[in-house]
Each structure stands twice: as structure tokens, then as C-alpha cells.
1. Check whether at least one residue in segment 66-77 is of a type outside the set (Val, Ile, Thr), closer than 30 Å to GLY14 by Cα, under 23 Å from the mean Cα position of the chain (by Cα) and assigned to a helix (DSSP H, G or I), and report yes or no.
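Every number here is computed from the coordinates shown, using simple stated rules; none is lab data. Owing to the predicted nature of the structure, the values given are computational and were not obtained by experimental measurement. Quick reminder, even Gly has a Cβ in these numbers, built from the backbone with ideal geometry, and neighbours come from all protein chains shown.
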Amino acid sequence: MHVADDPLKSVVRGTGLALKHYDRYPFVMRDDMRNVFLFIRRYFNFLFFVVLQIIALYLLFHYNEFHQAAFMRVANEMTGRISTRYSNVESYFTLKRQTNSLHRKMKISETS
């Protein structure tokens, strides 16, 4: 029996080897987990790029007042557009209720 000098490092190395040679050790992880690791392995560069872009944009907008103001203006504009579209869709779906209400009012006024 051998006790490693740094057990955590041994676990990390063993896990790294198992992930690197996942095809040799199919019993190590389930199929769905293997698919996640394959996805990350295949698109690692792209995912890393996206994470770096998010960090760069956060730093740009957080520490630069001009860009922060420009971002807030665009965000407010987009929010207003979305709210307007939502309101239009909502009013479209309430047209039937409004039409029925007008028909009832017309029948009441005709009978009077």
C-alpha cells in the first residue's frame, strides 16, 4: 500500500487521465455525462472565447461611464420596444372580450 504525498493532486491527475481516455474507461461515467464532456472538449475554444467576451463587456460597461450610459440607453430602448410589442399582443388577445362586451351593450341599447 502506498500513500501519496499529495492525495488531492493524485485524484486530479487520475480524473484527468480518465477524462482524457474516456473511451478506454467507459465504466467511469454515464453516457449523458460523457456527452457533456465531449461537448465541452469539442467546443472548448469557442466556449472560452464567449466567457472572455462576457468578462470584457462587463469590465467595459462597469468601469467606463460613456459606455455604461450608451448601454443603458440601448437597454431602455430595447425594453420599451419589447414592452410595446407585448402590449400589442396582449391587446390583440383581448379583442374578443371587448367585441363581446360591445355586442352586449348594443343589444341593451337596441332593446331600450
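1. We begin by selecting, within segment 66-77, every residue of a type outside the set (Val, Ile, Thr); these are 66-73, 75-77.
Cutting the leftovers down to closer than 30 Å to GLY14 by Cα gives us none.
No; the residues of segment 66-77 include none that is of a type outside the set (Val, Ile, Thr), closer than 30 Å to GLY14 by Cα, under 23 Å from the mean Cα position of the chain (by Cα) and assigned to a helix (DSSP H, G or I).
Here's the yes/no breakdown for (1) farther than 30 Å from HIS21 by Cβ; (2) of a type in the set (A, V, I, L, M, F, W, C); (3) assigned to a helix (DSSP H, G or I):
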residue	(1), (2), (3)
ARG34	no, no, yes
VAL50	no, yes, yes
ALA56	yes, yes, yes
LEU59	yes, yes, yes
THR79	yes, no, yes
TYR92	yes, no, yes
ARG97	yes, no, yes
MET106	yes, yes, yes
SER109	yes, no, yes
